[in-house]
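Heads up, the thing below is written out as structure tokens.
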Amino acid sequence: MNPLNKLSSFGQSIWLDLLNRDIMDSGKLKQLIDMDDLRGMTSNPSIFEKAITGSTDYDDDIVMHSDATTDNTEIFFDLAVSDIQRAADIFRPVFDKTHGSDGFVSLEVAPGLAKDTQGTIHQARALWKRVNRKNVMIKIPGTREGIPAIRQCLSEGININVTLLFGLPRYREITEAFMGGLEDRLKAGHPIDHVSSVASFFLSRIDVMTDPLLKEKNADNLVGKIAIASAREAYQIYLHMINSDRFRKLQSQGAQKQRVLWASTSTKDPAFSDVLYVESLIGKDTINTLPMETIDAFRDHGKVKETLTINLNESGNYLKGLKDSGIDIDIITQKLEDEGIEKFNHAFAALLKSIDDKKNKVIE
């Protein structure tokens, strides 16, 4: 039994932060499920941009879809929905085996909608209907404008992966939106037992942004500590939510927990362990979504033990030390959210240009 297989005994599921046709065509995805207990998959605009721009796997379909529409965004979602449906079907046995806890594949709304509440709701509804799979989640950024969209979509029974979370105050708002959406659904007379959601925290980039500032202030003892400290504090917010009277009432009506998901977990600083954001965040009711290289690294030399709830005082001290150093974590996390949206918009624009180039190449 390799280390990946042991994580489920601690209540953690591993999802793959990758989606392309090659991993499905080659049988690699099925192998990861069978051999490494892989339990889900996520996609985002950057992942699709690499898949479509970096291969010829989609060229024929791009040409085929361009006969029906000249809208490159529509062509992209035709391709994406097809891939998501296929991946969801591969993961369906996991979904069934875990009674709907795992086996999910996520598809994100267009990044240009991150600040558009009604546009997000409209597209989330449309994608949910088009994909038509129980084991799919629609990804909505946890922006201020995304919060009411998340609540509304959950109230309509749409599975939601709340993405691009960085800050603890925003996460508290997300827990409110999650419970509010389920309450709204119950008030409308609908069941809530099949509504699934996760809250995705992006971690490594917190350290990427704070570490240089800490070094400037000679606070080297805090370098590489802030993202993990934030994650552990987020988990305490999660525990407070699921133990609240409000959630217990929902749970009595069949509500599933909105698990926390650790994202952006590849190590960016070569001075740190390449499995730092896996080994440090193992705990019950969590998901860690990993790129392929981190999965390979953890399979090779990962150490498995419960780590998410240890040294909580130490984590609090790290965040206090950050504040005492004159660094405002709320400013940092807002900047990271803004940069994350910008990055996905840039990737989406590159993706659409690639689709356009592939169409025009055939025409020429």
Result of the Cβ filter at 6 Å on the range 13-39, keeping first residues that are closer than 13 Å to residue 290 by Cα and partners that are outside any helix (DSSP H, G or I) and polar (S, T, N, Q), at least 6 apart or interchain, is 14/288; 15/42; 15/289; 17/42; 17/289; 19/43; 39/13
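Of all the residues that make up the range 268-292, how many are more than 29 Å from residue 240 (Cβ to Cβ) and of a type in the set (Val, Ile, Thr)?
Step one: list which residues in the range 268-292 are more than 29 Å from residue 240 (Cβ to Cβ), which gives 268-274, 291-292.
Now drop any that are not of a type in the set (Val, Ile, Thr), which leaves none.
The qualifying residues number 0.
Looking only at residues that are among the small types (Gly, Ala, Ser) and buried (at least 17 other Cβ atoms within 10 Å of the Cβ) in the range 298-320, which one is nearest to residue 225 (Cα to Cα)?
Start the filter on the range 298-320 by keeping residues that are among the small types (Gly, Ala, Ser), which leaves 302, 315-316.
With the extra rule that they be buried (at least 17 other Cβ atoms within 10 Å of the Cβ), the set shrinks to 302, 315.
Working: 302: 19, 315: 8 Å.
Applying the filter and picking the extreme gives 315.
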Of the residues in the range 296-323, those that are of a type in the set (S, T, N, Q) and either more than 20 Å from residue 238 (Cβ to Cβ) or touching a His at 6+ places or on another chain (Cβ under 9 Å) (or both) come to 317
| request: Answer yes or no as to whether residue 131 is surrounded by 18 or more Cβ atoms within 10 Å (Cβ to Cβ), among the aliphatic types (A, V, I, L, M) and in contact with a Gly (Cβ under 9 Å, 6 or more places away or on another chain). | output: no
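Anything in the range 245-272 that is within 22 Å of residue 11 (Cβ to Cβ), outside any helix (DSSP H, G or I) and under 23 Å from the mean Cα position of the chain (by Cα)? List them, or say none. I'd like the intermediate steps shown before the answer.
We begin by selecting, within the range 245-272, every residue within 22 Å of residue 11 (Cβ to Cβ); these are 247-248, 250-252, 254-265.
Checking which are outside any helix (DSSP H, G or I) leaves us with 254-265.
Selection gives 255, 256, 257, 258, 259, 260, 261, 262, 263, 264, 265.
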Of the listed residues (170, 125), the one being of a type outside the set (Phe, Trp, Tyr), under 25 Å from residue 335 (Cα atoms) and either modelled with pLDDT of 95 or more or surrounded by 23 or more Cβ atoms within 10 Å (Cβ to Cβ) (or both) is 170
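Looking at the range 110-117, is at least one residue closer than 24 Å to residue 13 by Cβ, touching a residue at least 12 places away in the same chain (Cβ under 8 Å), hydrophobic (A, V, I, L, M, F, W, C) and buried (at least 16 other Cβ atoms within 10 Å of the Cβ)?
Step one: of the range 110-117, the residues closer than 24 Å to residue 13 by Cβ are none.
Taking every residue of the range 110-117 in turn, none turns out to be closer than 24 Å to residue 13 by Cβ, touching a residue at least 12 places away in the same chain (Cβ under 8 Å), hydrophobic (A, V, I, L, M, F, W, C) and buried (at least 16 other Cβ atoms within 10 Å of the Cβ).
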Residue hits (the range 68-89; under 20 Å from residue 53 (Cα atoms) and outside any helix (DSSP H, G or I)) are 69, 70, 71
Per the filter on the range 184-219, residues touching a helix residue (DSSP H, G or I) at 6+ places or on another chain (Cβ under 7 Å) and in a helix (DSSP H, G or I) are 184, 185, 204, 205, 206, 207, 209, 210, 214
Flag if residue 283 is assigned to a helix (DSSP H, G or I), crowded, with 17+ Cβ neighbours inside 10 Å and out of contact with any Gly (no Cβ under 6 Å at 6 or more places or on another chain) | no
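The values are calculated or read from the model by the stated rules, or taken from the named source; none is laboratory data. If you're wondering where the values come from, they're calculated on a predicted model, not measured in any experiment. Cβ: placed from backbone, ideal geometry, glycine included. Neighbour counts: every protein chain shown.
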